[in-house]
Every structure is written in structure tokens, then in C-alpha cells.
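One structure is given below, encoded as C-alpha cells.
The values are calculated or read from the model by the stated rules, or taken from the named source; none is laboratory data. Only a predicted model underlies this, so the values are computations on that prediction, with no experimental measurement involved. Quick reminder, even Gly has a Cβ in these numbers, built from the backbone with ideal geometry, and neighbours come from all protein chains shown.
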Amino acid sequence: MIDIPKITLHDGLEIPTVGLGTYNLKGEDGVTSILQAIDAGYRLLDTAYNYENEGTVGEAVRRTGVPRRDLIVTSKLPGRYHAYDDALITVQESLFRARLEYYDLYLIHWPNPITDKYVEAWEALIEAKKRGYVRSIGVCNFLPEHLERLRQETGVLPVMNQIELHPAFNQEAQRKWHVANGVQTQSWSPLGRMAYILEDDNLQLIASHHGKSIAQIVLRWHYQLGSVIIPKSARLERQQENIDIFDFALSEDEMAVISRMTRPDGRQKGQDPAEYEEF
Ligand code: NDP
């Protein structure tokens, strides 16, 4: 079993640097996939209210022999429940769905800046933490301007921001802002859903040089950037492959080659948090 290195968030919570994305892992098959990932060494599980699989994740947490305190379970608040009272109730509904007593991390899923209720949603998460429903609170897809507003209006900055990050969209400016302000970056779709990385000649060369797969090269790049990753795979061999990235290192040149793959239009579906809204 691979021992995944951990990092400490600004409120003291320790989390693994690699976790399991669970989008589309549902039902008995989903529970089986998650249990095999836990057996392989995964201790961080990423779900969301909108994935409709908090029940599956909660079932795996109950069936595994790994103690609850050794797992980090994350869920997320959907855009349609940003109003304060709705948000507070949704966190409780999330817990009921998973049949868990607490989440380790609870994130606002999207800022939805046109609807403009994310500050209320954040105030509700602050209260949810006070009540013990969640241990740590963070966000996804927040731009620096949204994070600044949370700080100005509530005095509390998220511990983490989960953002779209893969070689075609490396988020350099956003990552710098996070480092300067003590917010941990977490990459969603870290493999770019395997949509384009397999065809890249440079990645192929780097992979051959290290005797690793292209997926492992890309995941190692995230790790060396300092980002927490949550690759999703339903299959045990890939789950194992995706955490087997701690026995080699990319050179500065190799890091730079991968970082140069970024493009202004590199988002997978053009979901720019300045205007995109998800409910
Ligand atoms: P990923 O970049 O993790 O890619 C997942 C895809 O790659 C799946 O089709 C999987 O197939 C395949 N795959 C995984 N590992 C390998 C491998 N080693 N070799 C070949 N293929 C592989 O994309 P996701 O979009 O799923 O992102 C990961 C997680 O991020 C999500 O599951 C979710 O938890 C989170 N997320 C959060 C968002 C947000 O707004 N906060 C938005 C989107 C995602 P298979 O399962 O068949 O192995």
C-alpha cells in the first residue's frame, strides 16, 4: 500500500496530497470502486451534493475497516442553495444522505457571481463549522476577486480552493494568489479527463524517460506545483497508478515543458467562474 504524503491547511486540518474523485461512482459498483481505492491507500474522498452519490461515499466509509478519523471526506454546496437558511439545511441534508456525523471539508461548489449570494453561503458554512457539521470550510472555482470579498465581508478565508487545473489550463496567476494568501490549491480534472494528454509528444517523451505513464507524469507535475489532486478512476489498476507518483521527480525543465502546454482557452468546457453559473 502506498503511503500518500500529507499537507496541513491553514486551520490545522491535515489532508493527503492525492485523493479520489468520485464523480459518476454510484451504487454498489461505486461502493466497490471506493473500497478498493481505500484498500490501495486513498484516504481523501471527494463528493458533492450535485453528484448524487453522497450515499455511495458514506456507505463505503461505513463498510471499510479504516477508522472514520483516518479519512477525509469532502462534499460541496450546490448553487441553488446559497441563501443562508437553505445552505445550512443543505449541509445537514448532505450529512443525512451520506449517513455521516460530519464532513471533514465542505466547499461552495461554484461562486455564481451573477446570482451573487456566495457571501451568504459562506456565512452559513462558517456557522456549520461552529456547529460541528464540518471540520473545515473552503470553496471551488472562486476567482481572487471572490475570495477577497469573502475576506472583507466575513474575515474568514477558505482553507482550500478546488479549481480546474491540468496542463492545458495551468492557472498560474490564481495559484500565485493562493500561495500569497495561504489558500491551498486543489486541482479538479487533474488529468483533463484524459481528453488530450495521451496525444502530446512531449509528455510521451518525459514518460518514457522516467518509465512512468503519461497520467503519472501529469499527476506528478501537479504535486510538484504544490496542488492537491483528486483524479477519478473506477478501476483499481488506474487508482494504484495514480498514487504511484512519489518515487521519482520531474526536473525544472520538464516542469516548464508541461506548464507551457497552457492556453487561454484551455478550460475543458469554457466554464469561466466570472460568468458561468451552476445550480
Ligand atoms: P479526471 O481528470 O480525474 O479524469 C477522469 C477520467 O480519466 C475518467 O474517465 C477515468 O476513467 C480516466 N482515468 C483516470 N485515471 C486514469 C489513468 N491512470 N489512465 C487512463 N485513464 C484514467 O477528471 P474528473 O473530471 O473526474 O475530475 C476528478 C474529480 O474532480 C471529479 O471526480 C470530481 O470529484 C472533481 N470535480 C470537481 C469539479 C468542481 O467544480 N469542483 C468539477 C469537475 C470535477 P476510469 O474511471 O474508467 O478509469
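What's the number of the only condition in (1) surrounded by fewer than 22 Cβ atoms within 10 Å (Cβ to Cβ); (2) within 16 Å of the ligand (Cβ to nearest atom) that residue 145 fails to meet? Among (1) surrounded by fewer than 22 Cβ atoms within 10 Å (Cβ to Cβ); (2) within 16 Å of the ligand (Cβ to nearest atom), the lone unmet condition for residue 145 is (2). Among strands (runs of 3 or more DSSP E) entirely within the range 6-52, having at least 3 residues that are over 16 Å from residue 105 (Cα atoms) singles out no element at all.
Any residue at all in the range 76-95 that is farther than 23 Å from residue 53 by Cβ, in contact with an Asp or Glu (Cβ under 7 Å, 6 or more places away or on another chain) and not β-branched (Val, Ile, Thr)?
So far as the range 76-95 goes, yes, one or more of its residues are farther than 23 Å from residue 53 by Cβ, in contact with an Asp or Glu (Cβ under 7 Å, 6 or more places away or on another chain) and not β-branched (Val, Ile, Thr).
All of (1) touching a helix residue (DSSP H, G or I) at 6+ places or on another chain (Cβ under 7 Å); (2) more than 8 Å from the ligand (Cβ to nearest atom); (3) assigned to a helix (DSSP H, G or I) hold for residue 223 with one exception: (1).
Within the range 160-193, the set of residues being of a type in the set (A, V, I, L, M) and crowded, with 22+ Cβ neighbours inside 10 Å comprises 160, 163, 165, 183, 191.
Residues that are touching an Asp or Glu at 6+ places or on another chain (Cβ under 9 Å) and not in a loop (DSSP other than H, G, I, E, B) within the range 234-257 comprise just one, 236. Exactly one residue out of 84, 102 is under 21 Å from residue 26 (Cα atoms), at pLDDT 95 or above, surrounded by fewer than 20 Cβ atoms within 10 Å (Cβ to Cβ) and among the hydroxyl-bearing types (Ser, Thr, Tyr): that is 102. Take the conditions (1) in a strand (DSSP E or B); (2) modelled with pLDDT under 95; residue 76 misses just one of them, which is (2). Out of all the residues in the range 99-113, is one or more without any contact (Cβ under 8 Å) to a residue 40 or more places away in the chain and more than 23 Å from residue 58 (Cα to Cα)? Looking for residues that are without any contact (Cβ under 8 Å) to a residue 40 or more places away in the chain and more than 23 Å from residue 58 (Cα to Cα), one finds none in the range 99-113, hence no.
Applying the set (1) under 15 Å from the mean Cα position of the chain (by Cα); (2) under 24 Å from residue 225 (Cα atoms) to residue 41 leaves exactly one unmet item: (1).
For every residue, the table says whether it meets (1) in a loop (DSSP other than H, G, I, E, B); (2) closer than 21 Å to residue 25 by Cβ; (3) at pLDDT 95 or above; (4) not polar (S, T, N, Q).
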| site | (1), (2), (3), (4) |
| --- | --- |
| 176 | no, no, yes, yes |
| 205 | no, no, yes, yes |
| 209 | no, no, yes, yes |
| 212 | yes, no, yes, yes |
| 219 | no, yes, yes, yes |
| 232 | yes, yes, yes, yes |
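Among the listed residues 63, 43, identify the single one that is over 28 Å from residue 124 (Cα atoms) and of a type in the set (Lys, Arg).
Details: 43 fails: over 28 Å from residue 124 (Cα atoms).
Being over 28 Å from residue 124 (Cα atoms) and of a type in the set (Lys, Arg) holds for just one of 63, 43, which is 63.
Restricted to the range 96-117, and to residues there that are over 19 Å from the mean Cα position of the chain (by Cα) and assigned to a helix (DSSP H, G or I), the residue that is nearest to residue 48 (Cα to Cα) is 97.
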